[in-house]
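S.K.: Have a look at this one.
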Amino acid sequence: MKKVKNLSESSFLMLFFACISLCFLLGGVCMPDRGDMFSGLGAILSSTAKVSTNYFAVGGYAATFLNMALVGFASLALFRFLKATVNNVSTLAFLLTLGFASWGINILNMWPTVLGVVIYGLVKKEPMGSLANAMLFSTGIAPIISEMLLRYPHAEAVGFHWAGVLLALAVGFVIGFFLPAGLSNSPKVHKGFSLYSAALPVGMTAFLLQAVLYKSLGVELPAAPAAETLQVASALAVNVFCAAVFGLCIVFALLLGCTPKQYWALLTAKDQVSSVSASMGNAVMLMNVGVYGLFILAYYDLVGASFNAVTFGLIFCMLACCNSGSHPGSVWPIMAGYAAASFVFGWLSTLVGGTFVQAVNAQAILTGLCYANGLSPISSKYGWQYGFLAAVLHYCMVTTVPNLHGGYCLYNGGFTAALVCLLLIPVLERFCRTKQEKLAAKVQ
């Protein structure tokens, strides 16, 4: 334990990534359908992955865990092989990719865009280690790679064929090659108020591809997976696995020396902590993984979520911001805003005779909330009331945004968060004072 305490931030995070990936591998071995693990993985690899594809229904529980473990180890290998310096952004990239490996990314469809980023690095002569995060962020558009590989331009999957392989590689190379430019410019658009910064260029790329490959060519956009597939779920498997993993994170954080006082300092920080591991230590970051993870799990249990593979992955996608300043203290206004919006719009829908489908436990709303937590910097800078307001705006927009990208952007909610920032931040800057400005005025 003493050696672990003395690890640098980068080495500690690499160890954390390895342990999380190992947990998924062990979880797959413990699943009742482990005998079908490899055949189920084959079904996942040969399936299209348009949002929202429930890998529990496609390949089974053990195969989903195995795919998540393989994607986790592959991501870790990229960091290690490319000698990347791992930090809070790497934590975001890793956990997002890992979470999506239960409903959109698989060990096959992640590579074309990754290779596209590699080509960019070779052309621009940039160190590959500095591009490792971009490689993982590029997988946010993996569903369209599966689409090109297995189905395009048909309405139903036709399986692997040379034309599909070449098309998937071509599309992936183009996406990956141009994505780093978008990643560097994205923070200028939302001014740092969306933690899912990569979602904007990925979402815009999916928007462009949907327009070019489908609308412009007159190709019919395939339907999303049937809603019935989302009913394949297991609250027991998800709760036991997550409780065990997050509980172990808390135990090891305590063993590494994290005290309640240190964690309380994170929860009560006046400003957004941009990197928990760098500014407050590895132990505090690990404690936040455990506490914040259990907090997310408790919310989904409280609202009665269906624990399919999508919801399972969302827990880790939402947790991805744990090292970038998100914690229960900054995220609860977002959750409260989503819950309140659901009840208010449900009531208004009855008044106007509408058909209300956006209940707080509806799959689309559960998915939207996951990325609304990326707006937590608004709560940190302006106060919980404005985080609440941002959540309401996100709730209203998140189910409409898929019409732009056709269901091929896994970062749909993060893309929506960027749009919320475009609408809200100029207004806040013009009419509202930050918490620091209010405090300064009070002192005077």
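S.K.: How many times 2.2 N^0.38 Å is the alpha carbon radius of gyration of the stretch 263-377?
M.R.: The reported ratio for this selection is 1.17.
S.K.: So, one more: Expressed in nm to one decimal, what extension gain is obtained for the pair Ala278 and Val4 from 0.36 nm per residue of sequence separation less their Cα-Cα distance?
M.R.: Length gained between Ala278 and Val4: 97.1 nm.
S.K.: A follow-up question, please. Rounded, prolate or oblate, given the Cα gyration tensor of the chain, with a/c below 1.5 counting as rounded?
M.R.: Rounded, since a/c falls under 1.5.
S.K.: Continuing with the same structure: Evaluate the distance, in nm, between pseudo-label points positioned 7 Å from the Cα of Ala340 and of Val212 along their respective Cα→Cβ axes.
M.R.: With each label point 7 Å from Cα toward Cβ, the separation is 4.3 nm.
S.K.: Using just the Cα positions, wrap the stretch 75-223 in a convex hull and report its mean projected area in square nanometres, one decimal place.
M.R.: For the stretch 75-223, the mean projected area of the Cα convex hull comes to 9.3 nm².
S.K.: Protein chains only, probe 1.4 Å: how do Ile119, Ile105, Ile250 rank by accessible area, largest first?
M.R.: Ile119, Ile250, Ile105
S.K.: Compute the FRET efficiency between Glu220 and Cys396 as 1/(1 + (r/R0)^6), taking r as their Cβ-Cβ distance and R0 = 25 Å, and round to the nearest 0.05.
M.R.: 0.30
S.K.: Report the Cα centroid-to-centroid distance between the stretch 300-322 and the stretch 143-174 in angstrom, as an integer.
M.R.: Taking the Cα centre of each part, the stretch 300-322 and the stretch 143-174 sit 29 Å apart.
S.K.: Next question. Based on the Cβ-Cβ distance of Ser349 and Val232, what FRET efficiency does E = 1/(1 + (r/R0)^6) give at R0 = 22 Å, to the nearest 0.05?
M.R.: Plugging the Cβ-Cβ distance into 1/(1 + (r/R0)^6) gives 0.15.
S.K.: Another question about this same structure. Mind listing the Cα extents of the stretch 316-401 along all three principal axes, in Å, largest one first?
M.R.: 43, 26, 20
S.K.: Which residue, Gly72, Gly192, Gly368, tops the fluctuation ranking in a GNM of the chain built on C-alpha contacts under 10 Å?
M.R.: The residue with the greatest mean-square fluctuation here is Gly192.
S.K.: Say we join alpha carbon atoms closer than 10 Å with springs in a Gaussian network model of the chain; which of Val51, Val251, Val284 then has the biggest fluctuation?
M.R.: Its mean-square fluctuation being the largest, the pick is Val251.
S.K.: Whole Å is fine, so just give me how far the alpha carbon centre of the stretch 387-441 lies from that of the stretch 261-279.
M.R.: 23 Å
S.K.: Note down the accessible area of Thr64, probe 1.4 Å, to the nearest 10 Å².
M.R.: The accessible area comes out at roughly 0 Å².
S.K.: Determine one quarter of the surface area of the Cα convex hull of the stretch 39-92, which equals its mean projected area, and express it in nm² to one decimal.
M.R.: Result: 4.6 nm².
S.K.: Using the Cα gyration tensor of the stretch 1-152, with a ≥ b ≥ c the square roots of its eigenvalues, what is the shape: rounded (a/c below 1.5), prolate (a/b larger than b/c) or oblate (neither)?
M.R.: oblate
S.K.: Another one. On the Cα set of the stretch 221-313, report Rg and Dmax in Å, please.
M.R.: 16.9, 53
S.K.: On to the next question. Taking the full set of protein chains and a 1.4 angstrom probe, give the accessible area of Asp36 in square angstrom, rounded to the nearest 10.
M.R.: 90 Å²
S.K.: Given only helices, namely DSSP H runs of n ≥ 4 each adding -39500 (n - 2.57), what is the per-residue ellipticity at 222 nm of the chain, to the nearest 500 deg cm²/dmol?
M.R.: The per-residue figure over the chain is -21500 deg cm²/dmol.
S.K.: Of Tyr55, Tyr386, Tyr408, which has the largest mean-square fluctuation in a 10 Å C-alpha GNM of the chain?
M.R.: Most flexible of the set in this elastic network: Tyr386.
S.K.: Give the calculated FRET efficiency between Asn239 and Thr259 to the nearest 0.05, with a Förster radius of 25 Å applied to their Cβ-Cβ distance.
M.R.: In this case the efficiency is close to 0.35.
S.K.: Using just the C-alpha positions of the stretch 115-192 as equal point scatterers, what log10 of I(q)/I(0) does the Debye formula give at each q in 0.16, 0.20, 0.21, 0.27 1/Å?
M.R.: With no solvent term, the Cα-only Debye profile gives -0.65, -0.86, -0.90, -1.17.
S.K.: Quick one: give the max-minus-min coordinate of the C-alpha atoms of the stretch 343-444 along each principal axis, largest first, in Å.
M.R.: Extents along the principal axes, in whole Å: 52, 34, 21.
S.K.: Does the stretch 173-278 come out rounded, prolate or oblate, given a ≥ b ≥ c as the square roots of the eigenvalues of its C-alpha gyration tensor, rounded meaning a/c under 1.5 and, failing that, prolate meaning a/b above b/c?
M.R.: oblate
S.K.: Another question, then. Which entries in the list Lys3/Lys191; Lys261/Lys381; Lys50/Lys188; Lys50/Lys191; Lys5/Lys188 go over 27 Å, if you measure between the two C-alpha atoms of each?
M.R.: Result: Lys3/Lys191; Lys50/Lys188; Lys50/Lys191; Lys5/Lys188 exceed 27 Å.
The values are calculated or read from the model by the stated rules, or taken from the named source; none is laboratory data. Note that this is a predicted model, so its numbers are computed, not measured. In this analysis, Cβ positions are derived from the backbone assuming ideal geometry, glycine residues included, and neighbour counts consider all displayed protein chains. When the accessible area is computed, the model is the full protein with side chains, heavy atoms only, and any ligands, DNA or RNA have been set aside. Shrake-Rupley method; radii C 1.70, N 1.55, O 1.52, S 1.80 Å.
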